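The values are calculated or read from the model by the stated rules, or taken from the named source; none is laboratory data. The model shown is predicted, which means the values in this text are computed figures rather than measured ones. Note that each Cβ is placed from the backbone with ideal geometry, even for glycine, and that neighbours are counted across all protein chains shown. All accessible areas refer to the heavy atoms of the entire protein, side chains included, with ligands and DNA or RNA removed. Shrake-Rupley method; radii C 1.70, N 1.55, O 1.52, S 1.80 Å.
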Amino acid sequence: MVDTSGGHRGPTRGPTSALALLCATLVAASGSAQEKLTEHTFTHSPGTPAPSAKVEDMAWMAGHWVGEALGGTVEEIWSPPRGGSMMGMFRLVKDGQTVFYELMTIVPEDGSLVLRLKHFNADLTGWEEKQKTVDFPLVAVADGAFHFEGLSFRPDGEDHLRVHLAMHRKDGTVREETFVYTHVPAAGREP
């Protein structure tokens, strides 16, 4: 998830990177304590406490998800909660070639959750500095969706996942990118 504007908008523990074409800042939440950014994304209001949540609350997201977005095929694979975390991988493939990867974790922090990620080029060279991550704290859990600052995950039936991303462009405008994933059954299992 890319930021070509030169920096992440929102709290992070490290600089954001530029994904080839897009600037990503994911912000999502609901309720009066949040401000709407795009149709499906929100930004965290200063001074509002993070919602209470555990990693196990997101166990529904474990699995292999594939869809179309960003002009290519997008894929996320999430592990079940174990050892106090979930780990995930994202990949964008265009014209038969991997464009970039993300390595992600969802971990507890101060009674809530934070999603941390690092970007990698196709050759696994990193975008962020060695000790830096891009962090998205949880800002709301509403209507079955988990809204991280800048990233919203919503189950859509049993076999679909919607992810909404507020993309900040260099010209200061914001647009929403929606990723619609379909669950890929594990090998050897019936769909």
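Sort out which residues of the stretch 16-67 are crowded, with 19+ Cβ neighbours inside 10 Å, at pLDDT below 80 and part of a strand (DSSP E or B), and write them in order of number.
Ala24, Gln34, Phe42, Thr43, His44
If a residue must be touching a Lys or Arg at 6+ places or on another chain (Cβ under 9 Å) and either more than 11 Å from Tyr181 (Cα to Cα) or among the β-branched types (Val, Ile, Thr) (or both), how many such residues does the stretch 150-163 contain?
3
Taking the stretch 69-83, which residues are surrounded by fewer than 17 Cβ atoms within 10 Å (Cβ to Cβ) and modelled with pLDDT under 95?
Ala69, Gly71
Kindly indicate whether any position in the stretch 104-112 is open to solvent by 40 Å² or more (accessible area, probe 1.4 Å), closer than 22 Å to Gly63 by Cβ, without any contact (Cβ under 8 Å) to a residue 60 or more places away in the chain and in a strand (DSSP E or B). Even if it seems obvious, please write down each step before you answer.
Initially, the stretch 104-112 is screened for residues open to solvent by 40 Å² or more (accessible area, probe 1.4 Å), giving 105, 108-111.
When the remaining residues are screened for being closer than 22 Å to Gly63 by Cβ, the result is 105, 108.
Subsequent filtering for residues that are without any contact (Cβ under 8 Å) to a residue 60 or more places away in the chain retains 105, 108.
Next, only the ones that are in a strand (DSSP E or B) stay: 105, 108.
Looking through the stretch 104-112, at least one residue is open to solvent by 40 Å² or more (accessible area, probe 1.4 Å), closer than 22 Å to Gly63 by Cβ, without any contact (Cβ under 8 Å) to a residue 60 or more places away in the chain and in a strand (DSSP E or B).
Filter the stretch 127-144 down to residues that are open to solvent by 50 Å² or more (accessible area, probe 1.4 Å) and without any contact (Cβ under 8 Å) to a residue 60 or more places away in the chain, then give me how many there are.
1
Any idea which of (1) surrounded by fewer than 20 Cβ atoms within 10 Å (Cβ to Cβ); (2) under 18 Å from Met61 (Cβ atoms); (3) touching a residue at least 24 places away in the same chain (Cβ under 8 Å); (4) of a type outside the set (Asp, Glu) is the one His160 doesn't satisfy?
If we test His160 against (1) surrounded by fewer than 20 Cβ atoms within 10 Å (Cβ to Cβ); (2) under 18 Å from Met61 (Cβ atoms); (3) touching a residue at least 24 places away in the same chain (Cβ under 8 Å); (4) of a type outside the set (Asp, Glu), just (3) comes out false.
Is there a residue in the stretch 115-128 that is touching a strand residue (DSSP E or B) at 6+ places or on another chain (Cβ under 6 Å) and among the β-branched types (Val, Ile, Thr)?
The answer is no, given that none of the residues of the stretch 115-128 is touching a strand residue (DSSP E or B) at 6+ places or on another chain (Cβ under 6 Å) and among the β-branched types (Val, Ile, Thr).
Residues checked against (1) at pLDDT 95 or above; (2) more than 13 Å from Trp65 (Cα to Cα):
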{"position": "Leu151", "(1), (2)": "no, yes"}
{"position": "Asp156", "(1), (2)": "no, no"}
{"position": "Leu165", "(1), (2)": "no, yes"}
{"position": "His168", "(1), (2)": "no, yes"}
{"position": "Thr173", "(1), (2)": "no, yes"}
{"position": "Tyr181", "(1), (2)": "yes, no"}
{"position": "Ala187", "(1), (2)": "no, yes"}
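Which numbered condition trips up Lys118, out of (1) closer than 21 Å to Trp60 by Cβ; (2) crowded, with 18+ Cβ neighbours inside 10 Å; (3) free of Cβ contacts under 8 Å to residues at least 24 places away in the same chain?
Every condition holds for Lys118 apart from (1).
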